[in-house]
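This report concerns only the one structure given below.
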Amino acid sequence: LKLSNLYDNTVIVWFSDNGGPLRGWPPGHETAYGANNWPLRGAKMTMWEGGTRTVAFVHAPQYLSPRISTTWMHVTDWFPTILSIAGLSPTRPDLDGLDQWAQLQDTSLDSPRKEMIYNIFYPNFPEYNITGGPAIGAIRVGDWKYIHRTMGYSGWAEAPESGAKNQQFPDFEDIRDALYNLATDPEERENLFDVEPVVAADIQAKLDKYIQALPDGGYPPKDPAGKPENFGGIWNAGWC
C-alpha cells in the first residue's frame, strides 16, 4: 500500500466473529483450542460476553488519530459503516446495521446503537446431544443485558499469564433468565433478574417479540457436499 501511495487513504478493519473456544467447548474442541476470554465469562457459542464481545481495530491514517475507543458496535454495523467510508449508502432502508463512521471519527458523538440482539436460535445439534427446549438467545438494551437461555461453558477461564492452564471445561450448564448491568458488571457475576423485576420484564418482552418473529425451522442439517475434501481440501466461499 505504501509503495502504491495508497496507505494513507486506506481504511483497514480487523475484528472477530465471536469469542474464542476453550478446551471442550464448543463441541468439537476437545483437543483443538487456543483462546482465552479472560476476564469475560463464557466462550464461543454461548451468550456470555466472553463468547460475543471481541476486540477490533480500525487503521485509517488520513481519517483517525491513534486512540482507544469504547464505541458500542454490532457486527452488522460494519456493512453500512464501510459503505459510508466509501461515500455510498445502502440501497435498502431496513438493515439491521447502523452507520457508525461519524462516531469513529469524533469520539464526542454518542453511538446510534442503543439495542442489539446477540443471537436467537433453537438448539439442534443431535451429534452433540444438544437439542430441544426454549430458544437460545440474548438481547442488550442500553447497559442492560438479558439472557433468555445459554448453554455450554459458563465460567471464567483465567488468563495464562496468571499461571492458569486452559483445562477441560466443567459440567455442561443450561442457564435461563439472567440479567446483568454491563456498565457495572461486564464480567456478568451478579444476576439481577430477581432484583430488578421491572427492568427484567421490560427487556424480556422485547426479546420475546424477536423470538416470536423467527421463521419456522432451525439450523439445516449438515450437508456432506460442503466438505473441503470435495474441493481439493480448500474451504470455499459459502461454507459457513
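At a glance:
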{"item": "Probe 1.4 Å, all protein chains present, accessible-area order of Glu188, Glu127, Glu196, Glu161, largest first", "result": "Glu161, Glu127, Glu196, Glu188"}
{"item": "Backbone HN-Hα couplings from phi across segment 130-144 [Karplus 6.51/-1.76/1.60, Hz, Gly and Pro as x]", "result": "10, 8, x, x, x, 5, 7, x, 7, 9, 10, 10, x, 8, 8"}
{"item": "Carbon plus sulfur fraction of accessible area for the chain, probe 1.4 Å, in percent", "result": "53 percent"}
{"item": "Options Thr107, Phe125, Ala86, ranked by Cα towards positive dipole end of segment 65-130, top entry (Cβ charges)", "result": "Thr107"}
{"item": "Distance in nm between pseudo-label sites at Asp17 and Gln212 (7 Å out along the Cβ direction from Cα)", "result": "3.2 nm"}
{"item": "Trp14 accessible area, 1.4 Å probe, all protein chains in place, Å² to nearest 10", "result": "120 Å²"}
{"item": "Other-chain or far-sequence residues with amide H under 5 Å of Met73's (modelled H)", "result": "none"}
{"item": "Distance (nanometres) between label positions extended 7 Å along Cα→Cβ at Glu158 and Arg176", "result": "3.4 nm"}
{"item": "Rg followed by Dmax, in Å, when segment 112-233 is reduced to its Cα trace", "result": "17.8, 56"}
{"item": "The chain: radius of gyration and largest Cα-Cα distance (Dmax), Å", "result": "19.9, 60"}
{"item": "Size of charge dipole - the chain - debye, nearest 20, with Cβ of Lys, Arg +1 and Asp, Glu -1, no other charges", "result": "520 debye"}
{"item": "Burial order of peptide ranges 222-228, 175-181, 114-120 (average beta-carbon count within 10 Å, highest first)", "result": "175-181, 114-120, 222-228"}
{"item": "Within-13-Å neighbourhood charge of Pro39 [Cβ basis; K, R +1; D, E -1]", "result": "-3"}
{"item": "Computed over the chain: relative contact order in percent, which uses C-alpha pairs under 8 Å that are six or more apart", "result": "17 percent"}
{"item": "Residues of segment 114-141 with amide N under 18 Å of the 7 Å Cα→Cβ point at Asp202", "result": "114-117, 139-141"}
{"item": "Rg and Dmax [Cα atoms of segment 1-112; Å; Rg one decimal, Dmax integer]", "result": "16.9, 47"}
{"item": "For segment 1-67, diffusion coefficient by Stokes-Einstein and Kirkwood Rh (Cα), 4 °C, 1.567 mPa s, µm²/s", "result": "93 µm²/s"}
{"item": "Per-residue [θ]222 nm for the chain (sum of -39500 (n - 2.57) over DSSP H runs n ≥ 4, rounded to 500)", "result": "-3500 deg cm²/dmol"}
{"item": "Estimated dipole of segment 107-155 in Debye, rounded to 20 [Cβ of Lys and Arg +1, of Asp and Glu -1, Cα centre]", "result": "80 debye"}
{"item": "Cα-based equivalent ellipsoid, segment 74-141: semi-axes from gyration tensor eigenvalues, Å", "result": "33, 14, 10"}
{"item": "Sequence-separation-based contact order of segment 1-87, relative, with Cα cut under 8 Å and 6+ spacing, percent", "result": "29 percent"}
{"item": "Candidates Leu22, Leu214, Leu192: whichever shows maximal mean-square fluctuation once the chain is modelled as a Gaussian network with Cα springs under 10 Å", "result": "Leu214"}
{"item": "Pairs beyond 22 Å (Cα-Cα), from Lys114/Lys145; Lys44/Lys114; Lys145/Lys222", "result": "Lys44/Lys114; Lys145/Lys222"}
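The values are calculated or read from the model by the stated rules, or taken from the named source; none is laboratory data. Remember, predicted model here, so these are calculated numbers, not experimental data. FYI the Cβ positions are ideal-geometry reconstructions off the backbone, even for glycines, and counts take in every protein chain you see. Ligands, DNA and RNA are stripped out before the accessible areas are found, and what is left, the full protein with its side chains, is counted by its heavy atoms. Shrake-Rupley method; radii C 1.70, N 1.55, O 1.52, S 1.80 Å.
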